[in-house]
Amino acid sequence: QRLLNEAARYLGTPYVWGGYSPSGFDCSGFVSYCLVHSGVRNTGRLTAQGLYNICTPVSQSDAQPGDLILYEGHVGIYMGDGKIINAMNEAQGIGVCSATYTNIVAVRRVL
């Protein structure tokens, strides 16, 4: 829940390629920042692949709030109810969308 609370603080924050601060995030910068600043895990700034590598595999059917949902070149935080919070794009910034907006590559548990 700490991770989701931290992530929700940044709804509407701009999307910035390579961003890793509340002035702007990209997808992996957003997830990494939220992990660190929620106290869940001190990952530092990782790419989507780096986040994939440090987390435990979980089946899509077992996804729980706070798990990471990974796509081809993208990552978001699962909120439950089929939704993720993520750095969407330059027009929308940090927002919430369907976890199945595109094909899910993997689900990973941070803890």
The chain: calculated mean residue ellipticity at 222 nm from DSSP helix runs of at least 4, using -39500 (n - 2.57): -6500 deg cm²/dmol
By the C-alpha gyration tensor axes a ≥ b ≥ c (rounded if a/c is under 1.5, else prolate when a/b exceeds b/c, else oblate), the shape of the chain is rounded
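Pulled fully out, how much extra length does the chain show between R9 and S59, if you take 0.36 nm times their separation in residues and subtract their Cα-Cα distance? Each step should come with its number before you reach the end.
Numbers: separation 50, 0.36 × 50 = 18.00 nm, distance 2.79 nm.
Stretched fully, the R9-S59 segment lengthens by 15.2 nm.
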Could you give the nm distance between label points at T47 and A106, where each point is 7 Å from its Cα heading toward the beta carbon? 1.3 nm
Output needed for the range 15-58: three equivalent-ellipsoid semi-axes, defined as square roots of 5 times the C-alpha gyration tensor eigenvalues, in descending order, whole Å. 18, 12, 7
Of every hundred units of 1.4 Å-probe accessible area on the chain, the number belonging to carbon and sulfur atoms, as a percent, is 49 percent
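Rolling a 1.4 angstrom probe over the protein heavy atoms, how many square angstrom per residue are accessible across the range 1-65? Please list the in-between numbers first.
On the way: 3460 Å² over 65 residues.
So the range 1-65 comes to 53 Å² accessible per residue, rounded to a whole number.
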For D62, D67, give the ranking by accessible area with the largest first, probe 1.4 Å. D62, D67
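The values are calculated or read from the model by the stated rules, or taken from the named source; none is laboratory data. Since the structure is predicted, the reported quantities are computational estimates derived from the model, not experimental observations. FYI the Cβ positions are ideal-geometry reconstructions off the backbone, even for glycines, and counts take in every protein chain you see. Side chains are part of the model used for accessible areas, which takes the heavy atoms of the whole protein and leaves out ligands, DNA and RNA. Shrake-Rupley method; radii C 1.70, N 1.55, O 1.52, S 1.80 Å.
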